[in-house]
Amino acid sequence: MSTDVSTATATAVPASLPAKYGRLWIRVPKEVAYLFIAFPISVTVFALVTSLFSAGAGTIVTFFIGVVLIIATLYIARGFGTLDLALLRWTGQPAIVKPDWQDARARTGFFGWLRAVLGNGHYWLYLLYAGLVHFVLSTISWSIMITWVATALGGLSYWFWSIFLPNYDRNFYPAQWLLEQLGFPVGGADGRTVDSIAYLVLGVIFAFTLPFVTRGLTSLHHLVARGMLSAFRSEALKREVATLSESRSAAVNAEGTALRRLERDIHDGPQQRLVRMQMDLAAADRQLAQDPDAARTLIAEALQQSKDALDELRALSRGFAPPILLDRGLVAALESLAVRSTVPTHVISNLPEGTDLPAELQRNAYFISVEAVTNAIKHAEASNVWVELTLRQVQEPDETWLDLVITDDGRGGAAVVPGHGVAGLQERARGLGGIVDLTSPAGGPTHVSVHLPVTYSVS
């Protein structure tokens, strides 16, 4: 068995090499085009930024003229760097994260904007890139690329166009002479034929290696650009910290809103009934000896109050994670919600079989669904509600999202009101780093689309 596997593997590897080599050629035209145009553009920008920056530095004593010229130079360098990033992406290189160009100082007036520009290290890195680094790099890469392409094309076609060259009884043929110096006995052969064959072989070699050369040169450009033109890691960390802080605040607000709602519901419902029941029992106790019939009536009312309070407590308990959610998952819990709903509620699951969602995500998705379905029944006067679940894969960046769409056929016209309805859903979604979209034209239908990031495993 091991011999068969080894043989199959050895046979499969060479079969995949031509395919990989062929894929290299797909990007060669774009890579050659980039390397070809990068040089003249770089020369133009190099001359422009060095001239403007020199003029600005020379007139800095006048402040206004010097600063204007330097700012113009920085913006030209920024534009060139942005263009180069777009061209590199066009060749097929991975995208480079662009930096943040403005900060809070830019919103404090002219001098704040001036400090934001002159104090931003990205502008000066872009200036160094446009005024020196890219000029040197593109000069070298352009020379190598032109040499490789010219040698490949010239060598492959020399046998044809060489016949149109004037001979003038030439007795010296470079390829023939070189082969003789290397010890190959080709002195008696026709010199033009020997040169044609030698140049053809050379052209084949250069043409064969051309994809590796162009890929290597563009990758070198990409490596330098990523080091000088990309956003700083500290900026990404700041954005992540800001996002986490916002999500944390949203989660705290959502939990606070839920606790206040639960407190209000308990106060307005079961608590009042329990107080009434206590008063009825106290009255029945006082009348038990004097008027047994009235006492029995009060006890019956107290029993009804206890039954109503128990029903309300059970209803409130649905705001917590039901056992079916913990035992059988989100889809089963939503189907149970649909059964208990007072209007026809339809659950549509597009989740792949075996999908295992995180417990916290399932809990929040369930509560969002409960709130949205309740809003549709209480406020939209809906006669049907649909709850649809879908997993969506995003390529860049590599993320998976849970899309939860609640639709009703009610009267529409829903709006985001702080502290109520959809606003509560938005707070809960933001607590998980998600977003909520509301579409509710007058007359309906209403679509509440909730998008939640998810890290999941499939068993």
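The values are calculated or read from the model by the stated rules, or taken from the named source; none is laboratory data. None of the values given here were measured: they were computed from a predicted structure. So basically every Cβ, Gly included, is an ideal-geometry build from the backbone, and we count neighbours across all protein chains shown. Accessible surface is based on the protein model in full, side chains and every heavy atom, while ligands, DNA and RNA are left aside. Shrake-Rupley method; radii C 1.70, N 1.55, O 1.52, S 1.80 Å.
Considering the range 348-379, the residues that are in a loop (DSSP other than H, G, I, E, B) and touching a Ser or Thr at 6+ places or on another chain (Cβ under 6 Å) include one that is modelled with the highest pLDDT, namely 350.
Here is a yes/no grid of residues against (1) open to solvent by 60 Å² or more (accessible area, probe 1.4 Å); (2) in a loop (DSSP other than H, G, I, E, B); (3) at pLDDT 75 or above:
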{"residue": "412", "(1), (2), (3)": "no, yes, yes"}
{"residue": "424", "(1), (2), (3)": "no, no, no"}
{"residue": "436", "(1), (2), (3)": "no, no, yes"}
{"residue": "450", "(1), (2), (3)": "no, no, yes"}
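The condition of being surrounded by fewer than 13 Cβ atoms within 10 Å (Cβ to Cβ), within 25 Å of the chain's Cα centre (by Cα) and closer than 30 Å to residue 23 by Cβ holds for residue 94.
Looking for something among the β-branched types (Val, Ile, Thr), open to solvent by less than 60 Å² (accessible area, probe 1.4 Å) and modelled with pLDDT under 80 - is there at least one such residue anywhere in the range 106-122? Yes. Of all the numbered requirements in (1) assigned to a helix (DSSP H, G or I); (2) in contact (Cβ under 8 Å) with a residue 12 or more places away in the chain; (3) open to solvent by 40 Å² or more (accessible area, probe 1.4 Å), residue 126 misses one, and that requirement is (3).
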